[in-house]
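Below is one structure, written out as structure tokens, with a few remarks after it.
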């Protein structure tokens, strides 16, 4: 074995550049692959991971305490693997001044002695668990870093009726089992109306029907009508998947492209290293190495830099993926769970070296079969085929000879050329897709930004804990008088009941210049509101509620009842939760004389071009300390994540592709050292040598560009609408019409640029080839 | 034609050339001989502008090669030097005609005129019928004739030959010797580096013998 190791070490030492290239290519390809795999894995798994970590409840069931006792509920355990409860449950309605976090919504409160248990182990991410009466922990997604900045710090008490509960902590339930928790004694004091049970089942829980059957199994033997509701975890899982679902098509596309490029380049680099060493293999055989030993030498020679590259690449990829994972999934409540899992590490550390060894083994096996004499002559055997005819045809053209010689080089080694071309095609496909995607996302954001306005204003200052003394009309007048104000709209965000549906619908009652804020401009279908009984709906809401333009609804609020018609569909909704657009007149007709509560409504202000947004927001706060205003522009984390991810991955893949080209040119230079020496001896200048070598791959760059651009465009055309469907929105056509002739020309150049950048280094090395060495020392 | 003055070249601590001074006049045919490692190839490299001296000057065809840039040297070789090598160094991808034409095309000549001149040269060397044959299918002697034609393509002032018969059988070697002799007799200046005394005596009018990097003897030769 020592002879093999010694020979391999000598080969590595002798081929420093090639060893370096193999190591670097494997490193970058591994990093790309690990990032791709980690993101693909994370997209499909974060909910499941967090759900298992918190022992989430597969069903949150509530029972009528008047019909079933706690002992009966504890005894009903058919098909269960874990159970928690019974917990007394009550719905309370906090008083209107409870703060912006609660916003007047009713809260489901459960009585639990502790946050742990066999099911639904809560993540108590701030404060402590209630230890006595008068204390409550509220439910919210974890924001430990932003606690002091968010609305949490302002929400210190919850008053419902005559009871005031002090907020002592914040917790997150992946099961969504309650909006707040108190001690069981406090819950009893609140007169619970239901008993909560949390279940985990044995067997299939993948579908709603399966869960329904299992709940029925548990309820067998309990009094009829005891079961009030059973909320399956699939509802939360689908909701949680909605945002990553938007990313999934992008991540999957980049992931697949990254893996393909990585595998092809590693294969090309490694097999090229073995093929270019065939003569050396013959020499080893001639001096007594057995075929197995020769193969071992080559696998070791390639394996050393490959393993080093795979280890470093896995570390680099895992580190690069981490911030992307966290930023992608922050806000879903399980960002802290995002991490690169063991199988992804294994794929990088074991899978990549295996691919490398496989790529090396195929040509090495050929060397294993051939006799020493055949292997030695393998590199110098006369070439036949199309390559010769192409070279001959090119020599008759009017092109400068260095250029025509360069154009003919790819035909000399068709296999190597095919692999290099494949990587260039994939590289250009990636760049094209990334450019188109970024442009589309910027357009979507542009539409959204225009619609969202640049400044948000509330009549309740959470920082100062003060409310303005101005009426809503006076606030509007104040804002209209501020320098820089262009348009103002006022919204009241209110849930209204829908006749025939158990689920209320959210409506943004607006007045002022709502249509001019950009919403009318992004209408996908129908027309803007021109009467009090008309509403316009964002696509996401239409899809979710199964509505279409032209449908009628009867809504009820505060005793009033009106039939409304959906007259238009927009791409996005007003700031905040997705709701229907309606005119303020509808609110007046439904609930005349309604008293406005300050944190119920907000103002949307669009400023004139060039206005300092932060300065405007500060000026509003200074004009009335009871107003809270903020810069609402640039709230496009989706766009930032997608464009930065697209940028990072495409640059990474472009670099890897350029390295693949570098390797190809380096191998060509190595194979053609004698020819290069001869050409220089008859007067080819260093510049001509560089031109020849660069031309040899620039042509491939053009071909890669011409083939890669349509592929990238097809991917863009297919993937962006797919992502939009995942996000339940429709896109205006202009979002997809991103391709301009100038941009396409630049994209063709991107293929050439990648190829030229990759070729420059070895081309310059070729220009420095010592004629004396290569021609005299045969 | 060639003037070397005190040329010194070292590889590590070994002096390949140690103060060599030499002159070659237009129309001369000079053979350089000596044992392996005596500095023959290094001397040829200096004259061809393939290597630079550590000390001394190299002047060829009135130009100082030791002070030229790489590009300047390439252009100088293109226009004023022809080189023949032991192993021919033809491009395997091109047939004989295009191998020869290549030297002119690098100077910017169009394919048509370059091929016409190449064909003339191949005709003069007696292998015009082999013009479309690739190097791999040519005999050793034929390959060396193609190499000679390529070297003559740009009408060089000086033809450098490095062991031109070293890879040939005796018959092919004889043919190449005749060819070089003919070239010299029509005025081509020749510098031949060789181990082959027959080649030296057949083609050269002067013999320069090197030993340990120095000129140990110069003598006029009677051609056989």
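The values are calculated or read from the model by the stated rules, or taken from the named source; none is laboratory data. Quick caveat, the model's predicted, so the values are computed rather than measured. Neighbour counts are summed over all protein chains in view; Cβ atoms, including those assigned to glycine, are modelled from backbone coordinates with ideal geometry.
For region B:173-187, which positions are in a loop (DSSP other than H, G, I, E, B) and surrounded by 21 or more Cβ atoms within 10 Å (Cβ to Cβ)? Reasoning before the result, please.
Taking region B:173-187 first, the residues in a loop (DSSP other than H, G, I, E, B) are B:186-187.
Residues satisfying the conditions do not exist here.
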Answer from A:245, A:333, A:255, A:277 - the residue that is crowded, with 17+ Cβ neighbours inside 10 Å, touching a strand residue (DSSP E or B) at 6+ places or on another chain (Cβ under 8 Å) and modelled with pLDDT under 75: A:333
Residue that is farther than 14 Å from residue A:397 by Cα and facing chain A (nearest Cβ under 10 Å), where the choices are B:137, B:96, B:118: B:137
Only one of A:39, A:28, A:17 that is modelled with pLDDT of 80 or more and either in the same structural domain as residue A:214 (by TED's automatic domain parsing) or not in a strand (DSSP E or B) (or both): A:28
Step by step: first the residues of region B:72-92, then only those that are crowded, with 22+ Cβ neighbours inside 10 Å and without any contact (Cβ under 8 Å) to a residue 40 or more places away in the chain, then the one that is nearest to residue A:687 (Cα to Cα). Which residue is that? B:74
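Based on this model, can you work out whether residue B:52 counts as more than 9 Å from chain A (Cβ to nearest Cβ) and not in a strand (DSSP E or B)? Don't jump to the end; show me each part of the working.
Working: more than 9 Å from chain A (Cβ to nearest Cβ): yes; not in a strand (DSSP E or B): yes.
It is true that residue B:52 is more than 9 Å from chain A (Cβ to nearest Cβ) and not in a strand (DSSP E or B).
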Any idea which of B:53, B:113 is more than 18 Å from the chain's Cα centre (by Cα) and buried (at least 19 other Cβ atoms within 10 Å of the Cβ)? B:53
I need every pair where a residue in region A:175-194 that is under 18 Å from residue A:117 (Cα atoms) and not assigned by TED's automatic domain parsing to the domain that holds residue A:91 has its Cβ under 7 Å from the Cβ of a residue that is modelled with pLDDT under 85 and not in a strand (DSSP E or B), sequence separation at least 6 or different chains. none
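Take the residues in region A:729-777 that are part of a loop (DSSP other than H, G, I, E, B), within 13 Å of chain B (Cβ to nearest Cβ) and touching a residue at least 40 places away in the same chain (Cβ under 8 Å), then tell me which one is surrounded by the fewest Cβ atoms within 10 Å (Cβ to Cβ).
Of region A:729-777, the ones part of a loop (DSSP other than H, G, I, E, B) are A:729-732, A:737-740, A:768-770, A:777.
Still in the list and also within 13 Å of chain B (Cβ to nearest Cβ): A:768-770, A:777.
If we keep only those that are touching a residue at least 40 places away in the same chain (Cβ under 8 Å) too, we end up with A:768-770.
Numbers: A:768: 11, A:769: 21, A:770: 16.
Filtering first and then ranking leaves A:768.
Out of A:665, A:697, A:669, which single residue is closer than 28 Å to residue B:79 by Cα, at pLDDT 85 or above and away from every other protein chain (no Cβ under 14 Å)?
A:669
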Exactly one condition in (1) assigned to a loop (DSSP other than H, G, I, E, B); (2) more than 8 Å from chain A (Cβ to nearest Cβ) is false for residue B:86; which is it? (2)
Can you confirm whether region A:595-603 contains a residue that is crowded, with 20+ Cβ neighbours inside 10 Å and farther than 23 Å from residue A:516 by Cα? yes
Inside region A:617-632, can you point out the residues that are buried (at least 21 other Cβ atoms within 10 Å of the Cβ) and in a helix (DSSP H, G or I)? A:617, A:620
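I'd like to check something: does region A:434-453 contain any residue that is touching a strand residue (DSSP E or B) at 6+ places or on another chain (Cβ under 6 Å) and either modelled with pLDDT of 90 or more or more than 14 Å from every other protein chain (Cβ to nearest Cβ) (or both)? Don't jump to the end; show me each part of the working.
Keep residues of region A:434-453 that are touching a strand residue (DSSP E or B) at 6+ places or on another chain (Cβ under 6 Å), which gives A:453.
Still in the running and either modelled with pLDDT of 90 or more or more than 14 Å from every other protein chain (Cβ to nearest Cβ) (or both): A:453.
Checked against the condition, which is being touching a strand residue (DSSP E or B) at 6+ places or on another chain (Cβ under 6 Å) and either modelled with pLDDT of 90 or more or more than 14 Å from every other protein chain (Cβ to nearest Cβ) (or both), region A:434-453 yields at least one hit.
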Any chance region A:486-496 includes a residue that's at pLDDT below 90 and part of a loop (DSSP other than H, G, I, E, B)? no
Selection from region B:4-18 of residues that are more than 10 Å from residue B:53 (Cα to Cα) and surrounded by fewer than 17 Cβ atoms within 10 Å (Cβ to Cβ): B:5, B:11, B:12, B:13, B:14
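Among A:48, A:64, which is closer than 27 Å to residue A:234 by Cα and at pLDDT below 80?
Values: A:64 fails: at pLDDT below 80.
After applying the criteria, what remains is A:48.
How about region A:193-224: which of its residues are surrounded by fewer than 17 Cβ atoms within 10 Å (Cβ to Cβ), in a loop (DSSP other than H, G, I, E, B) and in contact with a helix residue (DSSP H, G or I) (Cβ under 7 Å, 6 or more places away or on another chain)?
In the first step, residues of region A:193-224 are kept if they are surrounded by fewer than 17 Cβ atoms within 10 Å (Cβ to Cβ); the result is A:193, A:202-204, A:206-210, A:212-213, A:216-217, A:220-221, A:223-224.
Now narrow it down to the ones that are in a loop (DSSP other than H, G, I, E, B): A:193, A:202-204, A:206-207, A:220-221, A:223-224.
Scanning region A:193-224 gives a single hit, A:204.
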Name the residues in region B:99-115 that are more than 17 Å from residue A:393 (Cβ to Cβ) and either facing chain A (nearest Cβ under 7 Å) or touching a residue at least 40 places away in the same chain (Cβ under 8 Å) (or both), would you? B:100, B:103, B:104, B:106, B:107
